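Scroll down for the structure; my scribbles are underneath it.
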Amino acid sequence: MEGSVPFGVGFHRREGLEGLAAWLGLPPEGVRERVLTFRALGMSEIVVLSTCERLEVYGVGPLREAVAFLRRSIADRSPAIWIHRAAAVHLFRVAAGLDSTAVGEAEILGQVRDALAIAREVGTVGPTLGPLFERALALGRAVRAQTDLGRHPLSLAVLAVQEAHHQVPLQGRKILIAGAGMVGTQIAHALLRYQPVQIRVLSRTLERARALADQVGGEAGTLTDLVSSLVQVDVAFMALSSPQPVLSVSDLHTIAAIRAGAPLWLVDLGAPPNVEPDEALPPGIHQIRLEDLKALSAQYQKRIAAAIARAERMVEEAVQEWEQWWWGHQVGRLIAQLQRRVDALREQELEWLWPKLGELTPAQQARIEQFAHRLIQKLLHSPIVGLKQMASDPQAVQWFRMLWGLEEGTEDLGNGRSTA
């Protein structure tokens, strides 16, 4: 249906940061500016979702122009594209927390709500994106109310961050990550939701540390700075692949002495451990070990799998309901268009008829108009019933439009995800 098919185009931080920094985590005024930019490209509806993890633009209008603009603006990179059903599936999974680095995170639902609110303020939400986003928000609330999604972390790295937060709230804290591999990367991104005041990344090479630090707005250093950095932070995540501990008992006592009792939490994810085992930790030093995290993780795995499966089913059900509503809405518009066309034809033919009938009384003229109206409605009854029955078939709807000489639709009604 021309002018009403929703689409989404977007990038995710996990696919790389190049060119994305200026588009991620935009403040409200930055989102408004981007919304107005896309409206200037000819979009009739537009919502921009910008978080620390993703940039996604949902629109109704010229998809090619939106993709071309993003390519020019973001280092000539090609965004993922979701059209019609695929756009609904993706948005619903985002709102449900199924597409986040930390699966089930609660923050994304508020971010979707804020994106919709800004678009409404600007006036770029209409009869397509409005109902789509409202249904996504309702689904997100239902998933969190009816499943355990988000209540248990999915990976050891995310579990480590969550457990550290339980021990010492991470907001406003200084955090150290020793290790810039896969686990260190997961820890860094999981930390963002807690808004630490500082993230410092250490690795064997400064280049590798800087690559991860740049993704999360942090500082970078090498492992030669490990002891001095531990003196300055509140929580340290040790995620190094090393056959020997990188922190000795002597190092811990040195750190504790300099800190003068200020608490330091060490979260050791090394296998073997990055911190030399010792029965008695120095005063002020606390530790969460890999064995502790694995024991917690084992308790969560079955619950997590069941919660994800339940949430995915809820997404599919919500998409099906939205599709039924959407096609019914589009068919209603097409029926109204058909009715206007046949009414115009009826009036045109009656105008041709009146001069040929000579003088008629008002009652006679009204009877003829009534006859013409009844005839048209009886002729339209079966086609309209057929149109409602084939509402979910884009090709059949297009054929109906062509058969009755209605406005041609040119938008792609595909259901798949592609990259432009």
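Hey, can you tell me all the residues within the range 113-156 that are of a type in the set (Lys, Arg) and in contact with an Asp or Glu (Cβ under 8 Å, 6 or more places away or on another chain)? Matches in the range 113-156: Arg135 only. Restricting the range 191-203 to residues that are within 20 Å of the chain's Cα centre (by Cα) and of a type in the set (A, V, I, L, M, F, W, C) leaves a set whose member that is farthest from Phe237 (Cα to Cα) is Leu192. From the list Leu132, Leu63, Leu137, the lone residue that is within 30 Å of Gln320 (Cβ to Cβ) and buried (at least 23 other Cβ atoms within 10 Å of the Cβ) is Leu132. Scanning the range 209-240 for residues that are more than 24 Å from Gln167 (Cα to Cα) and among the hydroxyl-bearing types (Ser, Thr, Tyr), we see that the one that is farthest from the chain's Cα centre (by Cα) is Thr224.
Do you know which residues across the range 296-313 are at pLDDT below 85 and exposed (fewer than 14 other Cβ atoms within 10 Å of the Cβ)?
Residues satisfying the conditions are Ala298, Gln299, Gln301, Lys302, Ala305.
When restricted to residues that are in contact with a Lys or Arg (Cβ under 6 Å, 6 or more places away or on another chain) and of a type in the set (Asp, Glu), the range 223-278 contains 2.
Looking at the range 285-293, is at least one residue farther than 23 Å from Ala88 by Cα and assigned to a loop (DSSP other than H, G, I, E, B)? Scanning the range 285-293, I find at least one residue that is farther than 23 Å from Ala88 by Cα and assigned to a loop (DSSP other than H, G, I, E, B), so the answer is yes. The residues on offer are Leu206, Leu266, and the sole one that is within 34 Å of the chain's Cα centre (by Cα), among the aliphatic types (A, V, I, L, M), surrounded by fewer than 21 Cβ atoms within 10 Å (Cβ to Cβ) and not assigned by TED's automatic domain parsing to the domain that holds Trp23 is Leu206.
Restricting the range 141-175 to residues that are assigned by TED's automatic domain parsing to the domain that holds Val47 and farther than 21 Å from Tyr300 by Cβ leaves a set whose member that is surrounded by the most Cβ atoms within 10 Å (Cβ to Cβ) is Ala142. Taking Ala295, is it closer than 30 Å to Val143 by Cβ and among the hydrophobic types (A, V, I, L, M, F, W, C)? When the stated conditions are applied, Ala295 passes them. Condition check for Gln330 on (1) exposed (fewer than 14 other Cβ atoms within 10 Å of the Cβ); (2) under 30 Å from Glu134 (Cβ atoms): one failure, at (1). The test for being under 16 Å from Val168 (Cα atoms) and outside any helix (DSSP H, G or I) holds for Gly261. Exactly one residue among Glu316, Glu323 is over 30 Å from Ile255 (Cα atoms), assigned to a helix (DSSP H, G or I) and at pLDDT 90 or above, and that residue is Glu316. For Glu53, indicate whether it is under 27 Å from Trp322 (Cβ atoms) and surrounded by fewer than 17 Cβ atoms within 10 Å (Cβ to Cβ). Criteria not met by Glu53.
Considering the range 69-81 alone, what residues qualify as being touching a residue at least 60 places away in the same chain (Cβ under 8 Å) and either out of contact with any Asp or Glu (no Cβ under 9 Å at 6 or more places or on another chain) or farther than 20 Å from Arg14 by Cβ (or both)? Residues satisfying the conditions are Leu70, Arg71, Ser78, Ile81. Within the range 84-110, the set of residues being at pLDDT 95 or above and either within 21 Å of Ala188 (Cα to Cα) or outside any helix (DSSP H, G or I) (or both) comprises Val94 only.
The values are calculated or read from the model by the stated rules, or taken from the named source; none is laboratory data. Predicted, not measured: the structure shown is a model, and the values here were computed from it. When we count neighbours, we look across all protein chains shown, and the Cβ atoms used for this are built from the backbone with ideal geometry, even at glycine.
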